[in-house]
Every structure is written in structure tokens, then in C-alpha cells.
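Just below is one structure, and these are the notes that go with it.
The values are calculated or read from the model by the stated rules, or taken from the named source; none is laboratory data. The shown structure was predicted, so the numbers you read here are calculated from the model rather than taken from an experiment. As a convention, Cβ positions derive from the backbone with ideal geometry for all residues, glycine included, and neighbour counts pool all protein chains shown.
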């Protein structure tokens, strides 16, 4: 290995001496024109669009109109002024400023062209200086050169849009009607992306769709599972369909880095960040919000990265994703962004700010939406050295009425956890002790659905315990907390109801000294995986919270990711490429039985396909639960059939393999027998030969 | 049968070889001194002094009279097994990586590493019955494969030579003319360096282990791929049970990439596979460090049909040879064969 390392050094040294840059920027690589190098593109039309842009090559040119018309003597002075204004924004190309002159009067024509190095700079210049007042009479009108063409082509007469005949679309929810009621998941390993059925009955997967180089960075399901989104250099795309995966829509956004769906998957938010030409400036951020079905841009946001950096006044980190957080449940009605001293809440009817203004909250540093209702919870930290306490408030949208507020004293940090039905909000507050030298943690529990939103304070038995993880039971009234010191922390379960008082929180149990640092509730509640990731090397404990008993303990060595399937029947654990070895995933039953294990090198992603909420009414669901025994008989019988068939198939396969082998061996032996004399000759006539030994072994 | 620890080497071991009867065990190490042991009790019988570099490989004649060793000192030496004396020294311009006697022990195939301007090569030497008549000259020299040739062995009736190494291709050569007869298929073959190659007791098939985390079973005559055993570790060593349809794969992360946190991360266990069904059936736990050599004792006849010795050695931590039995008697090393009722083992 040392030799190999040396070799790499040598290569680098050699490259350096030959002035070759080993860090290849893949964006800079372009295939020769008219040559695809055997790489077939399925993006012909997108490619075509790009082509157009390249051909004209005026994407970085702006036209500045409404300039003063000046005679020849003043030409240079005006040019100087314009150059001064526009070189502040970006680097103007050499000879990139051209102000045409009337050949007869020798006066300028009142407009000029400016060519920048990049289209981004041109775009920025247009935004910043359009409407710039040089003096009262001269207000700049700035346009992209390429836009002229576009505007020129607008026909003078309005023609009614053509109404296309209705073509029924595919059933995008077809996967939900699988006869075996299986779930799908997507995996990405190496260059391949595969969508697979989890055929747990047969302990294997079944391929739905596979494609190499499907995405350029990652894939993501839409929240209801209808679409699979892929990310490319030109933009994002969504895929789906009844039986396979076809491209349903494309969302052009060059250099897109991050994407986010609204919870009802009506909208897609895409994000890109561009290096500024001036290294002192912040990165330029472009965010587009698309309508998923039509592919139309509903609203775009552009600006410097600073404006999108969440974290309040002293924010240090970069953009925290998602920049826009969606609220109001699955209706996708509102989205909001944290700003300096404000929260900007937009509504999707018009894609504008509610009441045309942001919600002003001095020093707000964090907020989160209720998962179901248009309610915002926001947190303002302590101010003025403790004179003004920190506070958490609940704000109703769109009325912006404060529903509840709680002041918190000597709080250093605060985190908010919503229960999935929006019934409860837990606020974890880290407080300073009196000496201010250390902190301890307490919880403020809000009962959102009850009158006046009562708040209860919960402190752990040992309030100095560090909180390692917190998780609400989905749709339930319980939560789990990992607390204590890292090598062997404790895990406690609490309920928002106690046996005789529905309005009081009570502790159910504490499990002492567990090797766990992460909590994974089943989406159906009741079951939870207590996982020891990272330092604990993938310890798993499958725990039943109803019975308060451990169902199984297991280990998926080095596991990095754990995800329940959307029905809560199976758990997937995966080792992704953060580790070099062991890459792949395991599928477990909900009670911790390992069903199967698949290894894949360079394993990047495992994602269960989400399911939309059930269409059944609550009463209907209850009815099914009541008669579960009756229904389950049918499925048990099916299961048994499958397992019988499987063992039958398995036996058959084994028999075949053995037979094949026997046949091969006997063939060999026959040939070997023929050569026996020759072998003896080679050994100077020594008779003892392997064949005899072999026979002896056969005796057993 | 108790586990036997054979102490004596001062540097990591490189190769192990049982004689045909299974009573003698020859070990090679980086400490220049091949050693012979009684396989039954682990007693050291003697050493072979004379090499001036790490000894990579050895083979012993069918009658257990002569030993051949290949070393990094660019020589291959013939020894008198009983007396420990050097009989002859072949000189090469580069380290010798593998040696094997042909059927009848009248020929030996030797591979040499690429070194300085020399490319790797396969040499065939005639081994004289009387060592005073031994000569240096090669009967045949084959060149062509890229990189190191980690193993070359004789095919049926000494008519062919099978070679494998860093270029991941298995080749069958005509041992008379040196002509390339067959090459393993690029699609179905190994993808990375082939580290080891071992023949079945009857020579009908052979097993190759590779850093591509798989081992493959091939037909010796036709070079058709018969089975593939996929594992989670780079394979450094392979062995086939002489009695049962079991193969054992040993390996682990490269020594330089070994994590220091947990021995399981390195995948150092030796794994048992069902030769025919290609399913993992068991494992030997307890190693810290990649396994670089594995061998079964061919002593089935002497000990009765139910006992097979499995020999493992460990590069990183221990310099001792560990003989581990695969039997129903207690043993220091834990060999687990899971889910199967008809097989021996659970040792501890």
C-alpha cells in the first residue's frame, strides 16, 4: 500500500511539473460539437435549448436604455460614468462597453451595450440598475440582450391559446395497488439507481426499474410517493408512472444543488448557489418554486447568500435547507422563510407575502410549522443579558394572531419538536444553572388542541442529564428521550396522559444503560428501534412500547441509516459509502428479525417510497381493526402457501445444483481414469494415485 | 484435537504447505528461514538456513524428500528435507513469488516478479533426480502477463500451466511450447488482483481468490467458470476441504486500511462456503489482522474421515502458525457452521 501511496505522490509531482491540473472541473468538460462520444443523451430537447443559448452567446450582454444623448465632446465622460457604475457589479469584458453613435449627428443614441464575463453578472447588473436614476430625466431601463428577441416575437394581436384535447394520464398511484401489498424503495449504488419491491415474504427484492446515471447527485421521493425526483446539471426532473418510471416533468434550473417538495407535493423548490466573480461578495443564490404538475415557475427568489442565511443576527453557517418551510399541512397553502428580525410568510394563491408584509419579530432565530395546522411556533432568545427573557410563541396564520406565548428564563438554547398530528409541541430548553457555568435541560409541553393551549413543564428525574435524542410517537401521545452520559445513556418513555388524569404527562419507564443514540419510531407508533449508530457501531434494539418489552436486539455493523417502511412493517438499515467496507442494506421485520441482506459497493442512498395517507375514514379503519382476525386468516394462508412454495423451490434448486455437480465430477473422473496410466508413467510407475484416495474419502 | 500454536518465526509468515501425508508442515516467513514442523504435535523439526531475504513460497516433493523454496533474495533453492542441506540454487534477476513441483517431481514451475527493468515471468526448470546433475537452464520461459504473477500451478498431466496475478486474468499455457491456450473471460472473471489459487485434491478444479471480494471455482481443463463465492472482504487466501464440499475464504482489509476501532470492521474472519450451493455456512472468529494463508491438512485418511485440520495464519499480530481443527472436539478457535445439522464443528 505504501508503494501505491508513493505512486500517487509521484503522479501528482509529475503532473505539477508538467503543469497539468489534476482537479478536473467536470463542468468544464464539453464534448466536441456534433460528437457524442457514444454517450447517448436522452435530453435531446434540453440539449437543444442549451445549444441555442450557446449559439447566440449574448446571455452575458445587457442593454442600458434611457441614457442621456450627448454630443461627441461629452462621449468619453458619459462612457466613464457608465463604466464606473457597471464595473462595480461585475467585470466588464475588454471592449465590452459599446455605445453606438448616430453617423450623421455624431451624437449618442441614448443606449449602450455592456458585455460581462458571465450571464450571472449580467443578470445581476440588470436587477440592480434597472430603474437607476442618473438624474431626473434619465432613469435607466436595463434589459438582457437576449430578451429583446423574445419581446420582439410577441405577436401584436392576442390569439386565444389552443385548447388541447384531454388525454387521460397514467395512474401514478398504481404502485399502491400491488397485489402482494408490498412497498417500494429506491437505492443508489455506484452509477446505478434502482427502484425495487421489498418482497419480504420471499426474503428478496424484485426489480421495478433500473437505470445508470439516472441522476447527477441524488434522488428524492415526493412526500406522497407519487414522484421520484432526480437532479441534473440543467435542472431537476420528476419520474413516475403506472408500471415503470417515465419522465413526467422537467424543471430547468442550471446548477441546481438542492430540492424540496411541499408536503402535498404540489410545488417543488429548487436551489442553486453561484460563485460570485468578486471573491469578496457572498455567493449568489437562486431559488425557484415550480408547480410540480405544470412545470411552471410560480415564483423565483434571487439574492446574495446572506439574505437566505438563517440563524438570525449572528448567523455564521451557510444556507440551512430547506430555506422555505411549508406550513398548513398537506394543502400547501403557506410557506415561510426566516429573515433578520422577521419571518416572511407567503401564501400559494398569489405567491406573495401575506398582507404584503413580513411578520416582524425582533431577534427571532428559529421557527417551525405545525405539521397539520397553519400555526407557527417561533423562538426568540434571551436579550439584554437576561433582562428580556427568551420566549416561544405560537402564531396563527394567516391572521398572525398570537395564540400562546411562554417566557423562558436563563435559556441558552431551545429546540422545538412537533408531534406528527400537530396535537403536541415539545420545546426542549437548555437552561443555565445559577453559576452560568453549565446547563441543564427541561421540556415545555404544549397541548395545542386543548382549550387555551395548556403548557406543562417536564424535568427529567436527573435534570443534569444531557439529552441525546428526543422523538414523538407518530400519531400518538408518547415520546422517547435518550438522556445521560454517552457510553451508556438511559432511555425514558413518557406519555402525555396518565392513567387517572388525561391532562398530565407521566413517565412509563426508564431503560438503563443502553447503547443507543438515535430513536426511530414506527410510522404506526407502538414500536421503536433504539439504535446505536456511529460510535456504537450499529446496535439495534426493537422495543414494544405498549408492552414495554424488548422484542429483539441485533446489530447491523457500522449502520449509518435506519428507515421504517411507510407501513411500519419493515425496517431498513444501511451502511452507506461514508464507510469503505460493509456497504449495503439489511431488511428487518418490525420485531427485529433479519429478513435479508444485500451488499453493494459504493452504496449512497436507501429511501422507502412514501405512501399517501389512507383514503379510508377513521370509522372504516376502526372496523377493519375490529375484524382483523377474520382478515388475517386469509393472509396467513397466503403466507403459508408462499413459504411452502419457497421451500419447495429451494429444495428443487439445491437438488439441481447437486446433480449438476455430481455430473460434472463423474465426467471428470472418467476423463481422469483414461489418463491414469499416463500419470503413472510421469511418476515412474508409482501406482498410488489420487483416485484411490478419493474413493477412500467417499467411504465416510 | 487441541489447537496447536507453533512458535518459532520472528517475522510474519508468508506461506504454508503440508506434505502429502499430512505429517509435516512447512512454513515460510519474512525472516529468511523456512521451517518444518510435526503437524501432529507442533514440534519444530528443523530449519532451512541459507536464504538472504523473505521467503515467499515453497513446495515439497511427493516423497517428502525435497523442498523447493522461492525467496525475495532472487533465488529458488532446493533442499534436502531430512538433512536441511542446500542441494541447488537457481538464480534469478528478481524475487521468486511462487513455486510448484509437477506431477512426478521432475519439473518445477517458478514465477518471478517484475523488478527493475525485468518483466514478470514463468520459468519451467527441470529437476534432476540426482542433484549433482542439476543445471540452471530453463526448459521454458513464459512472459506476457502484466504485473506480478502471484501463482502458477501445473494442469493435468503437466501439459498445461495455470497462472494468475495482478492483471486479474487467469491464463492456461501449453507447458511444452509456452503458447497461451486460454484466458479467463473478462465479463465473468475477476475484476481485481488474484491473490491466491489452489487446486482440488484430484486436480479437477481450482479455486481463485481475488481482491474483488470474490472467489471463483474453475474447470482445470476448459477454464469454464463453475461457481462464484461473493464475500464482503478482499480475498487473500483460499482453501478447499479435501473431504467435504466446503471452501474457506480468508482475507480482510488491506493492512494499511485496517481500522483500529473494531476487529469486525476489517472482516478478518475466515468464512466457510458450501462449495456446490455457494452459500456461506460458517466462519472462524478471533483474528485481528487479515488472513493471508489458509490450508487444509490432506490427512483425511490418517485421522479418519471426520477430521480436517484447518491452518490459518495471521499477518498482523501473530507470528505463530495456528493449527485449528475442524472437528467435533474442543478447540481454541471458534469455528461456527450455522444453520446446518449435518456438519461437525462448534468448537471452543
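Please work out if residue A:533 is touching a strand residue (DSSP E or B) at 6+ places or on another chain (Cβ under 7 Å), away from chain B (no Cβ under 13 Å) and either modelled with pLDDT of 95 or more or more than 22 Å from residue A:468 (Cα to Cα) (or both). I'd like the intermediate steps shown before the answer.
Values: touching a strand residue (DSSP E or B) at 6+ places or on another chain (Cβ under 7 Å): yes; away from chain B (no Cβ under 13 Å): yes; either modelled with pLDDT of 95 or more or more than 22 Å from residue A:468 (Cα to Cα) (or both): no.
Taking the combined requirement at face value, the residue does not satisfy it.
Answer yes or no: is there a residue in the range A:607-614 that is closer than 22 Å to residue A:230 by Cβ, within 13 Å of chain B (Cβ to nearest Cβ) and either within 20 Å of the chain's Cα centre (by Cα) or surrounded by fewer than 16 Cβ atoms within 10 Å (Cβ to Cβ) (or both). No: the range A:607-614 contains no residue that is closer than 22 Å to residue A:230 by Cβ, within 13 Å of chain B (Cβ to nearest Cβ) and either within 20 Å of the chain's Cα centre (by Cα) or surrounded by fewer than 16 Cβ atoms within 10 Å (Cβ to Cβ) (or both).
Can you find a residue in the range A:160-170 that is assigned to a loop (DSSP other than H, G, I, E, B) and assigned by the TED database to the domain that holds residue A:117?
Restricting attention to the range A:160-170, the residues satisfying the condition of being assigned to a loop (DSSP other than H, G, I, E, B) are A:160-170.
With the extra rule that they be assigned by the TED database to the domain that holds residue A:117, the set shrinks to none.
Checked against the condition, which is being assigned to a loop (DSSP other than H, G, I, E, B) and assigned by the TED database to the domain that holds residue A:117, the range A:160-170 yields no hits at all.
For the range B:141-176, the tally of residues that are within 17 Å of residue B:125 (Cβ to Cβ), out of contact with any strand residue (DSSP E or B) (no Cβ under 6 Å at 6 or more places or on another chain) and either modelled with pLDDT under 90 or surrounded by fewer than 15 Cβ atoms within 10 Å (Cβ to Cβ) (or both) stands at 1.
Does the range A:357-379 contain any residue that is out of contact with any strand residue (DSSP E or B) (no Cβ under 7 Å at 6 or more places or on another chain) and outside any loop (DSSP other than H, G, I, E, B)? Scanning the range A:357-379, I find no residue that is out of contact with any strand residue (DSSP E or B) (no Cβ under 7 Å at 6 or more places or on another chain) and outside any loop (DSSP other than H, G, I, E, B), so the answer is no.
Count of the range A:428-445 residues, restricted to those that are under 33 Å from the mean Cα position of the chain (by Cα) and either touching a residue at least 60 places away in the same chain (Cβ under 8 Å) or in a loop (DSSP other than H, G, I, E, B) (or both), is 1. Consider the range B:100-119 and keep the residues that are touching a residue at least 24 places away in the same chain (Cβ under 8 Å), more than 19 Å from the chain's Cα centre (by Cα) and in a loop (DSSP other than H, G, I, E, B). The one that is nearest to the other protein chains (Cβ to nearest Cβ) is B:104. In the range A:391-427, the residue that is surrounded by the most Cβ atoms within 10 Å (Cβ to Cβ) out of those that are assigned to a strand (DSSP E or B) and without any contact (Cβ under 8 Å) to a residue 12 or more places away in the chain is A:402.
Output the residues belonging to the range A:202-219 that are in contact with a strand residue (DSSP E or B) (Cβ under 8 Å, 6 or more places away or on another chain) and not in a strand (DSSP E or B).
Keep residues of the range A:202-219 that are in contact with a strand residue (DSSP E or B) (Cβ under 8 Å, 6 or more places away or on another chain), which gives A:203-212, A:214-219.
Hits for the range A:202-219 are A:203, A:214, A:215, A:216, A:217, A:218.
Given the structure, is residue A:181 more than 22 Å from the chain's Cα centre (by Cα), part of a loop (DSSP other than H, G, I, E, B) and under 27 Å from residue A:597 (Cα atoms)? Working first, answer last.
Working: more than 22 Å from the chain's Cα centre (by Cα): yes; part of a loop (DSSP other than H, G, I, E, B): yes; under 27 Å from residue A:597 (Cα atoms): yes.
The answer is yes for residue A:181.
Of note, residue A:584 does not satisfy the criterion of being away from chain B (no Cβ under 14 Å), surrounded by 17 or more Cβ atoms within 10 Å (Cβ to Cβ) and either closer than 20 Å to residue A:525 by Cα or in contact with a strand residue (DSSP E or B) (Cβ under 6 Å, 6 or more places away or on another chain) (or both). Exactly one residue out of A:694, A:627, A:635 is modelled with pLDDT under 85 and away from chain B (no Cβ under 13 Å): that is A:635.
For every residue, the table says whether it meets (1) surrounded by fewer than 23 Cβ atoms within 10 Å (Cβ to Cβ); (2) closer than 23 Å to residue B:103 by Cβ; (3) in contact with a helix residue (DSSP H, G or I) (Cβ under 6 Å, 6 or more places away or on another chain).
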site: B:33; (1), (2), (3): yes, no, no
site: B:41; (1), (2), (3): yes, no, no
site: B:46; (1), (2), (3): yes, no, no
site: B:49; (1), (2), (3): yes, no, no
site: B:53; (1), (2), (3): yes, no, no
site: B:60; (1), (2), (3): no, yes, no
site: B:65; (1), (2), (3): yes, yes, no
site: B:70; (1), (2), (3): no, yes, no
site: B:83; (1), (2), (3): yes, no, no
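Residue B:89 fulfils the conditions (1) crowded, with 17+ Cβ neighbours inside 10 Å; (2) closer than 26 Å to residue B:45 by Cβ except for a single criterion, (1). Among the candidates B:216, B:179, B:199, the residue that is within 12 Å of another protein chain (Cβ to nearest Cβ) and in contact with a strand residue (DSSP E or B) (Cβ under 9 Å, 6 or more places away or on another chain) is uniquely B:199. Applying the set (1) free of Cβ contacts under 8 Å to residues at least 40 places away in the same chain; (2) closer than 23 Å to residue B:295 by Cα to residue B:97 leaves exactly one unmet item: (1).
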